[in-house]
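Colleague: Questions regarding the structure given below will be posed in turn.
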Amino acid sequence: MFEWVEQTFQPGEAYDFAVIGVPLSKSSISFSGAHAHPLLFRQLHSSFTTYNDEDIDLSSTRAVDLGDVAMHVTHIACCQKNIESALEEITNAW
């Protein structure tokens with residue numbers, strides 16, 4: 001992932017933002033490959049820096065990668081519940 005994004009969440013620590021992957025493509029009518037996006041995003045954007053074209057300096061921010069939400073291969077309702085549960089857990093820990 002981005003060199004400046006921490007890979008381990010430390011409970012009680014203050015973060016400005018987090019990255020979380022939701023590898024869900026089961027809801028697509030046709031094969032979309034969306035389930036692969038979080039991994040590919042992390043691989044392709046490994047060279048991201050704190051500079052951006054909006055002139056917002058991110059070098060003073062603290063970010064953490066929380067990994068991916070677990071998905072069920074075929075059960076969309078289970079996937080949706082996993083997303084809700086993960087976001088609740090994150091919100092409560094934040």
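The values are calculated or read from the model by the stated rules, or taken from the named source; none is laboratory data. Please read all numbers here as calculations on a predicted model, not as lab measurements. Here the Cβ positions follow ideal geometry from the backbone for every residue, glycine too, while neighbour counts run over all protein chains shown. For the accessible areas, the whole protein counts, side chains as well, though only heavy atoms, and no ligand, DNA or RNA atoms are used. Shrake-Rupley method; radii C 1.70, N 1.55, O 1.52, S 1.80 Å.
Colleague: Taking only the range 60-73 into account, find how many residues are touching a residue at least 24 places away in the same chain (Cβ under 8 Å) and either more than 20 Å from LEU39 (Cβ to Cβ) or among the charged types (D, E, K, R) (or both).
Modeller: 4
Colleague: Name the residue that is modelled with the lowest pLDDT, counting only residues in the range 63-92 that are loosely packed, with under 12 Cβ neighbours inside 10 Å and among the hydroxyl-bearing types (Ser, Thr, Tyr).
Modeller: Ranking the qualifying residues of the range 63-92, first place goes to THR74.
Colleague: Here's something else I'd like to know. Scan the range 63-94 for residues that are under 12 Å from the mean Cα position of the chain (by Cα) and farther than 15 Å from PHE9 by Cα and jot them down. Give the steps one after another, and end with the answer.
Modeller: As a first pass, look at the range 63-94 and keep what is under 12 Å from the mean Cα position of the chain (by Cα): 63-70, 83, 86-87, 90.
ALA70, ILE83, listed by residue number.
Colleague: I would also like to ask the following. Scan the range 46-62 for residues that are touching a Phe, Trp or Tyr at 6+ places or on another chain (Cβ under 9 Å) and either open to solvent by 50 Å² or more (accessible area, probe 1.4 Å) or modelled with pLDDT of 75 or more (or both) and jot them down.
Modeller: Hits for the range 46-62 are SER46, SER47, PHE48, THR49, ASP57, LEU58, SER59, THR61, ARG62.
Colleague: Right, something else. Across the range 13-44, what is the total count of residues that are open to solvent by 50 Å² or more (accessible area, probe 1.4 Å), at pLDDT below 85 and assigned to a loop (DSSP other than H, G, I, E, B)?
Modeller: The qualifying residues number 6.
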